[in-house]
Every structure is written in C-alpha cells, then in structure tokens.
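What follows is a single structure, written as structure tokens, with notes after it.
Just so it is clear, none of the values below were taken in a lab; they were calculated from the coordinates. It should be emphasised that the depicted structure is a prediction, and the values quoted were computed from it without experimental measurement. Ideal geometry is used to build each Cβ from the backbone, glycine not excepted, and the neighbour counts take in all protein chains shown.
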Amino acid sequence: MLQDMFEQKRTLSFEVFPPKKDGEFDAAFDVLNALGKLEPDFISVTYGAGGSRSGKTVELASYIQNTLGIDTIAHMTCVGSKKEDLLGIAEKLKETNIDYVLALRGDRPGDMTDEQYASRDFAHASDMMQFLQENTQLHLAGACYPEKHYESFSMESDLNNLLKKQKAGAEFFISQLFFDNDYFYSFLEKADKKGITIPICAGVMPIVTARQIGTTVKLSGSSVPKALSDLFATYGDNRQEMRKAGIDYAIRQIRDLQENGVSNIHIYTMNKPKMAGEIVNAIYR
Ligand code: FAD
C-alpha cells in the first residue's frame, strides 16, 4: 500500500504520459522499461482532459503494474466525463489490478461548449472523488498547487478546496511543479495550519531546453526564479550545456528539499529516462 510506504520511507516517483501519436506509442514501453530500472516507488500516468484516449492511460498503467511490477497511479479527469464513463474506466482499472487514481478535474477542452461545460457531471475534483469513493474500491490521490491554482483568488480559498479533497477521500497529494522551493515550504506550512494531514509529494520538473520553459510556465503558472532564468541567459543557445545546467538545477532543488525534510519527490520525467537516471544516480546512488 502506498500509504504505508509514505509512513515508512522517503519516496521517489515518476510521471509519464502516453504519447499523443499512435505511431509513437510503442516507444513508450521502452521508456517505461528504462524508468523501471531506476526502481521508483511508483509511476503515475497522465490522462487527456477530454478522456478520449483513456485506454492509452490504462494500457501504460497496466504495463507498469503487471509487467514491471511497480505500483501505478492512473490519472483520471472528470471535466469531459459522465459518471458512467468514470465507472467504465474504474472497471478497467480493477480488471488490470490498478488500485490508485489521481483524481483531477482537468482543464476545459477548447471545443467544449458553454452548455456542455455548465452541465458536466462533476464541477470539481472533490466531487469526482466523493463519487469514486462511494461507487468504487479505488484509492484516491489529488493535485495541489504550491503557488495556488490559477483560477483561485487566493491561496486561502485554494487551501479550503484542498481540504475538501482530503475530506472526500484523497490519501495523498502530488504537487504541481515548482522551481522555487520557498513556495513549497510556505505552502506546506499553510497546508498544515489548514488541517491537511496526508502526505504531499513535491513535483519537480527538470528543464533541459530553453524552449521547454515557455510551455511549462504557460501550463503550470509556476514562477521562474532568477537562478533559473540566469541559466537560460547563459546556456540557452547551447543545447548540451543547457541540458547539463537544467539537470543540475533539478538535482540541487531535490537536495535542498530533502535537507529541509521533504520526504516524497515526484519527478515529471517527460518520458526521458536518461535524464531521470542522471538525477536519480546523483541523488540516490
Ligand atoms: P480542482 O481540485 O477541482 O480545482 C480546480 C479549481 O477549482 C481550483 O482553483 C480550486 O481551488 C477550485 N475548487 C476546487 N474545489 C472547489 C469547490 N468545491 N468549490 C469551489 N471551487 C473549488 N490535467 C490533465 O488533463 N491530465 C492529467 O493527467 C493531469 N495531471 C496532473 C497532475 C498533477 C500532479 C497536477 C498538479 C495537475 C495535473 N493536471 C492534469 C492538470 C489539472 O487537470 C489542472 O490543473 C486543472 O485545472 C485542475 O485540476 P484539479 O484536479 O486540481 O481541480
């Protein structure tokens, strides 16, 4: 059980995604084989917000769980799903021995009409968790945001909503990526005061190309500290040096987190096992 593991040891986990193009899907199994050799405590598999490719998430999650023998968390979003869709996926997960779901609302897909959005079955991740809790045997995890979710007016209201996820059955949280550890430390303090008692995994994404930072910041809303932007200024044009500096930044970030008592690290691997291996070898071997 993952909950027992959080109590007993420091954990290291990875996130992977199912490639969007079918032609690239087979390569994902090589990625998983290579990541598996790094012996993570669990691997989570992302899910397209609209849900149309949920089968790919289940397929990769099943491979991790049943072929590699590594605990798996399948992400699931509810923004584009009906109750029966979620129950259908839950059934498939049960058939493939997957017990854990990262229950997310997801972002509104661009092609969803106002009417569809307004009449969706679940407004928030906590509603979906409540439903899964009552209708399935799944264990649930949720997402949290050290710099607050972009729709929230304040950290206070975001934390109130986070507490709803804990009450709805979340057993642990995985954080949005962040580059400045001070945000995470401050978040942990506030979450603690708010009554969040379940483990929180710190999400770290290594930035290895100058182009990556733009998309990452746009998607996550995370702040870029001067120490990181200085790296782009210095190495941005030199691919090899930029990669090295980005990996080094992530290693330093993780070391600092561990020195400050953060026990659970979740690496957004971007399906790059070599990069993940360099980080793991520097920190854990
Ligand atoms: P919620 O918890 O519902 O929160 C969304 C907003 O609503 C927040 O501002 C919150 O404060 C507010 N809110 C929550 N509950 C209430 C309430 N009861 N009343 C009023 N307001 C409320 N997206 C994908 O499409 N696929 C993925 O695989 C995926 N994986 C992710 C993994 C991690 C670790 C993280 C951090 C994010 C991931 N996302 C993924 C992105 C995520 O779907 C978006 O960030 C989305 O905008 C919010 O999802 P959520 O589950 O946090 O939503």
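For residue 48, the residues whose modelled amide H falls within less than 5 Å of its own, excluding neighbours fewer than 5 places apart on the same chain, are 53.
Among the GluC sites (Glu not before Pro) found in the range 120-178, those both in a DSSP coil and sparsely packed, with 13 or fewer other Cβ atoms within 10 Å of their Cβ, are 151. Each Lys and Arg contributes +1 and each Asp and Glu -1, all at the Cβ; summed about the Cα centre of the chain, the dipole is approximately 400 debye. The tail of the calculated P(r) for the range 41-189 beyond 22 Å holds 41 percent of all Cα-Cα pairs.
Taking the charge dipole of the chain about its Cα centre, with +1 at Lys and Arg Cβ atoms and -1 at Asp and Glu Cβ atoms, the residue from 203, 284, 153 reaching farthest to the positive side is 284. Rg/Rh for the chain (Cα atoms only, Rh after Kirkwood) is 0.94. For the range 109-189, report the translational diffusion coefficient in µm²/s to the nearest whole number, using Stokes-Einstein at 37 °C, 0.692 mPa s, and a Kirkwood Rh over Cα pairs. The estimated diffusion coefficient comes to 232 µm²/s. Adding -39500 (n - 2.57) for every DSSP H run of four residues or longer, then dividing by how many residues the chain holds, sets the calculated 222 nm ellipticity at -15000 deg cm²/dmol. Neighbours of residue 235, meaning other residues whose beta-carbon lies under 11 angstrom from its beta-carbon, give a summed charge of -1 when Lys and Arg score +1 and Asp and Glu score -1. Charged neighbours of residue 182, selected by a Cβ distance under 13 Å, balance to -2 (K, R count +1; D, E count -1).
Dividing the convex hull volume of the alpha carbon atoms of the range 131-285 by its residue count gives 130 Å³ per residue. Checking the cross-link pairs 148/193; 37/244; 20/272; 9/167 against a 19 Å limit on the alpha carbon distance flags 37/244; 9/167 as lying beyond it. Take every Cα pair under 8 Å whose residues are at least 6 apart in sequence, average their separation, divide by the length of the range 2-284, and the relative contact order is 19 percent.
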